[in-house]
1. Would you mention how many residues in segment 156-203 are of a type in the set (A, V, I, L, M, F, W, C), over 23 Å from the mean Cα position of the chain (by Cα), modelled with pLDDT under 95 and not in a loop (DSSP other than H, G, I, E, B)?
2. From Ala117, Ala36, Ala53, Ala31, grab the single residue that is over 27 Å from Phe190 (Cα atoms) and not charged (D, E, K, R).
3. Among the listed residues Arg172, Arg195, Arg157, identify the single one that is of a type in the set (Lys, Arg) and in the same structural domain as Glu96 (by TED's automatic domain parsing).
4. Which ones in segment 84-119 are of a type in the set (Gly, Ala, Ser) and either surrounded by fewer than 15 Cβ atoms within 10 Å (Cβ to Cβ) or within 30 Å of Leu48 (Cα to Cα) (or both)?
5. Being β-branched (Val, Ile, Thr) and farther than 14 Å from Ile25 by Cβ is the filter; apply it to segment 117-155 and report the residue that is farthest from the chain's Cα centre (by Cα).
6. Could you list, in sequence order, all residues of segment 201-229 that are crowded, with 18+ Cβ neighbours inside 10 Å, over 29 Å from Leu115 (Cα atoms) and either out of contact with any strand residue (DSSP E or B) (no Cβ under 9 Å at 6 or more places or on another chain) or of a type in the set (Val, Ile, Thr) (or both)?
7. When Ala298 is evaluated against the numbered criteria (1) more than 30 Å from Cys139 (Cα to Cα); (2) surrounded by 18 or more Cβ atoms within 10 Å (Cβ to Cβ), which criterion, by number, is the only one it fails?
8. Leu34 is checked against (1) modelled with pLDDT of 95 or more; (2) touching a helix residue (DSSP H, G or I) at 6+ places or on another chain (Cβ under 8 Å); (3) not in a helix (DSSP H, G or I) and fails just one. What number does that condition carry?
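The values are calculated or read from the model by the stated rules, or taken from the named source; none is laboratory data. What you see is a predicted model; the values in this text were computed from it and never measured. Note that each Cβ is placed from the backbone with ideal geometry, even for glycine, and that neighbours are counted across all protein chains shown.
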Amino acid sequence: MTANSGAAEPIAPTGAAMIVADIAIVGGGLAGSLAAAVLARAGHRVALVEKRAVHPDEFRVEKIGSQQLDVFRRLGFIRGLESMACPYDRVLNIREGKVVDVSVGQAYGFTYSHLVAMARGQIPDPSSLIIDEVTAVSCSDDVQHLDFASGRRLQARLVVLATGMAGVLGYRLGIRRRLLAAQHSVSFGFTIARRDGAPFDFNALTCYGERASDGIDYLSLFPVPAGMRANLFMFRDPTDPVMRELRRDTAATVLRLLPGLRCYLGDFLVTDRVQNWVMDLSIVEGHLQPGVVLIGDAFQTNCPAAGTGVARLLVDVERLCTEYAPRWLMTEGMSKEKISQFYSDPAKVAADQQSLRMARFRQALTSRGDIGWDVRRRLHFLRRKIIHRVDQARPGWLGRVRTALRA
């Protein structure tokens, strides 16, 4: 079956016992939904399999900016993003109550569930979304089969696992997850507002931790449709009593840990449920198998503080869906040799390695208390302050220097 042979045909109706598609994507979160939309718009018969018709309001990706927006443009999602997100282009960065610098560049804040809904909305044929649970998967060099809880079956040439850290299906195929760092980081997400209803005096703000012993990397504040969103990233034991304090008395605990924030936030309150996430760093093994490929967190997890998770996910989606999967479908078979091309893709390998490097760097820069890292931490923020002061005195000089270096 070639890439366009089924372009005019929908996948089999929902009530059919056997569903036939070119590509079956298991997992309807951001990675799976983006991949399904990209492939379906290219004319491939895609089945996106997800247990839930509406994705829950999970604490996952909540902002996108910088080079991530370039990928969204290339993949054709930028208008959809703009339609459901809050734009901002300046971030005030502070530490110990003092300005470090100001980040300038377009970014967007949103709710993860709305982002997933936007991606699913880009799939041309709504029947491509199959609400069911996969109970078994069998893969070969030719055709792959999925069994559903409803009793239906699906046949596809390629199976994409975009199941995040839920590894049950992979486990049944002999894929195992190797732990690199248990309880590497802890993240909190919540929304705040001033008690008097007035807007905050900043567009977006990042407050960095003040002491290595606190294990606080930074608190990021940015606009979302529901208000001012707060993401707090820490490298600290998840059983520490401060975690309970952050859940029970969030505002007071945040100000105690980051006293320099008080003059920027004024009298504020938390307006919604406080969510938190403990992240392990892990990577899969035994994943090179015929007919199946893993993307996003299903392949490797990320440190949320490092900000590389979305970048890695987008690299996976773009390289698989615009380069490899279309080419694989043009010839017979779905062998290990084909699948290995994706896993060895230079851009993917670089993104995966950079993600792990940044995870370890952020943890060390934040919480290492030895003199070497203490000096490095001081120099890191001092360099940023100096560059900011010079750029204020001579606006635009930094951009010109960077342009000259790239020439």
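1. Within segment 156-203, residues that are of a type in the set (A, V, I, L, M, F, W, C), over 23 Å from the mean Cα position of the chain (by Cα), modelled with pLDDT under 95 and not in a loop (DSSP other than H, G, I, E, B) number 0.
2. Going through Ala117, Ala36, Ala53, Ala31 in turn, just one is over 27 Å from Phe190 (Cα atoms) and not charged (D, E, K, R): Ala36.
3. Among Arg172, Arg195, Arg157, only Arg195 is of a type in the set (Lys, Arg) and in the same structural domain as Glu96 (by TED's automatic domain parsing).
4. Ala85, Gly97, Gly105, Ala107, Gly109, Ser113, Ala117, Ala119
5. The selected residue is Val143.
6. Residue satisfying the conditions is Ala212 alone.
7. All conditions pass for Ala298, except number (1).
8. Result: Leu34 passes all but (3).
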